[in-house]
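The values are calculated or read from the model by the stated rules, or taken from the named source; none is laboratory data. What you are looking at is a predicted structure, and each value in this text was computed from that prediction instead of being measured. Cβ sites come from the backbone with ideal geometry, for glycine too, and all protein chains shown count toward neighbours.
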Amino acid sequence: MLQTTEFALLRRVAAEQAENRAPSLVAAVVRGGEVLWTGTRGQVDGAAPTIDTQYRIGSITKTFIAVMVLRLRDEGRLDLNDPLDKHVAGTPYGHLTIAQLLSHTGGLTSEAPGPWWERAPGGDWTAMLDQVDETVLKLRAGARFHYSNIGYATLGQLVAELRGTSWLDALNTEILAPLEMNRTTPMPTAPHALGWAVHPYADVLHPEPTPDSGALAPAGQLWSTATDLARWVRFIGGDTGGVLHPDTVDEMRAPAVVDDGAAWTVGYGLGFQLWRDSGRRFAGHTGSMPGFLATAVIDPATTTGALAFTNATAGVAITGLTFDLLKLVDDYEPALPAEWRPFSEVSGELLALTGSWFWGPMPFVLRLLDGGWVDLRPASGAGRGSRFRPTGVHEWVGLDGYYAGETLKLHHHDDGSVSHIDLATFIFTRTPYDPKAPIPGGVDDNGWRPGN
């Protein structure tokens with residue numbers, strides 16, 4: 001990066017560490033599959049931390065759990081609308097769906113009963129269930145967003161039961177090993193930072209415990225490094241390394257619920273926190289455990305992401321810092337548009353579909369995208385439009401917008417030429433109200449006529 005950009009980034013990190021008294025702080029910026037910049041301040045064991053120093057990442061752990069659940073869904077092992085009871089028996093909230101647990105919309109209590117789990121050693125799944133009854137249901141399922149650590153503990157148990165192994169073994173096999181995230185672990189391994197609480201009125205420290213959280217570990221157990229977490233930021237942006245289909249990651253980034261009412265600046269998808277700022281959308285997650293704060297965020301549209309760790313319980317604006325780093329990079333060195341290149345190959349049959357189509361009298365334009373995808377949307381102004389991915393011969397499925405999940409299908413005349421497009425009963429034809437096509441065409445035999 002430019003020297004001025006690097007200095008601006010380091011200046012922001014240095015100010016956060018000094019002004020908010022962070023024992024140490026590590027940050028990084030990624031773009032397009034590369035780590036563009038890293039910066040550190042403070043000390044760990046008497047020396048500056050490095051990109052290989054482990055910090056506890058807290059609730060960023062939840063994103064790994066969510067990815068393992070979506071892998072099970074993509075394999076056909078579960079449906080997101082399945083009630084929990086179908087896969088994990090014995091809970092008083094078995095009627096909640098997998099999707100509700102993923103998106104924190106099940107109405108479950110935020111914390112498990114008993115001592116504050118983040119500072120106390122945790123028991124196993126059976127021990128946790130022994131403390132749980134119907135009182136953990138605080139809100140009507142689906143009513144609103146209500147963050148729930150116990151919900152993600154349950155999803156970790158779901159992964160364990162369907163895989164026939166621990167969620168940690170599944171994590172190592174399915175995600176960490178393929179992505180070469182070798183320094184992401186359930187307990188710290190040297191070199192790692194110690195967690196500290198900083199006295200509110202004096203520059204002294206109090207050590208924080210880092211116990212094994214047991215059954216609640218899926219909610220916040222993991223430790224990681226800047227190098228490893230930078231790879232995970234890229235994953236959230238869509239660079240999945242074959243661990244999950246990019247379309248599924250895109251599905252996880254879609255807002256399932258909004259956390260701040262009509263403003264819609266903060267929301268949640270299927271395991272990812274979402275932010276909206278100045279017309280841009282960001283995805284990632286924050287994390288906090290006693291002694292540690294962390295944030296990992298990316299703008300999938302530009303592939304620019306950032307992450308930051310500190311080993312302080314509170315007081316450091318780690319999420320604000322992360323977004324400031326993103327803004328600095330975009331201000332000093334905005335991402336260049338992807339270089340335009342023509343298709344490497346194209347079907348003449350698909351090329352013939354491009355151009356104007358009409359739903360009734362309203363003109364639409366169908367454009368051909370790479371890989372046989374198509375885009376159908378109004379020729380001008382706002383309206384219903386979507387991208388479609390091919391799913392078979394002459395069939396596509398909608399990926400976004402009004403037609404997400406709906407099937408676009410071609411219909412043909414006897415001579416093999418395309419007669420019309422059927423999209424969830426909406427009929428698109430080459431001319432307005434084509435009399436040879438199904439409704440809305442063919443209703444009045446007299447067709448178009450002059451006015452009175």
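Yes/no matrix, rows are residues, columns are (1) of a type in the set (A, V, I, L, M); (2) free of Cβ contacts under 8 Å to residues at least 60 places away in the same chain:
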{"residue": "168", "(1), (2)": "yes, yes"}
{"residue": "179", "(1), (2)": "yes, no"}
{"residue": "188", "(1), (2)": "no, no"}
{"residue": "199", "(1), (2)": "no, yes"}
{"residue": "215", "(1), (2)": "yes, no"}
{"residue": "224", "(1), (2)": "no, no"}
{"residue": "231", "(1), (2)": "no, yes"}
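In the range 1-27, how many are over 16 Å from residue 332 (Cα atoms) and not in a helix (DSSP H, G or I)?
Qualifying residue count for the region: 8.
What strands (runs of 3 or more DSSP E), lying completely within the range 184-268, carry at least 1 residues that are under 20 Å from the mean Cα position of the chain (by Cα) and under 23 Å from residue 117 (Cβ atoms)?
Per the criteria, 266-268.
Check 153, 112 and return the single one that is part of a loop (DSSP other than H, G, I, E, B), touching a residue at least 60 places away in the same chain (Cβ under 8 Å) and of a type in the set (A, V, I, L, M, F, W, C).
When all the criteria are applied, what remains is 112.
Taking residue 408 as meeting all but one of (1) over 27 Å from residue 278 (Cα atoms); (2) in contact with a Pro (Cβ under 9 Å, 6 or more places away or on another chain); (3) surrounded by 14 or more Cβ atoms within 10 Å (Cβ to Cβ), write down the number of the exception.
(2)
Yes/no matrix, rows are residues, columns are (1) crowded, with 18+ Cβ neighbours inside 10 Å; (2) in a loop (DSSP other than H, G, I, E, B):
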| position | (1), (2) |
| --- | --- |
| 343 | no, yes |
| 364 | yes, no |
| 377 | yes, no |
| 381 | no, yes |
| 389 | no, no |
| 416 | no, yes |
| 420 | yes, no |
| 427 | yes, no |
| 439 | no, yes |
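Would you be able to tell me the number of residues in the range 269-308 that are more than 25 Å from residue 69 (Cβ to Cβ) and part of a strand (DSSP E or B)?
Residues that pass the stated criteria total 6.
Just a yes or no: is a residue in the range 129-140 modelled with pLDDT of 95 or more, within 26 Å of residue 73 (Cβ to Cβ) and of a type outside the set (A, V, I, L, M, F, W, C)?
Yes, the range 129-140 contains at least one residue that is modelled with pLDDT of 95 or more, within 26 Å of residue 73 (Cβ to Cβ) and of a type outside the set (A, V, I, L, M, F, W, C).
Are there any pairs, at least 6 apart or on different chains, whose C-beta atoms fall under 6 Å, with the first in the range 416-427 and closer than 15 Å to residue 354 by Cα and the second surrounded by 12 or more Cβ atoms within 10 Å (Cβ to Cβ) and small (Gly, Ala, Ser), and if so, which?
420/437
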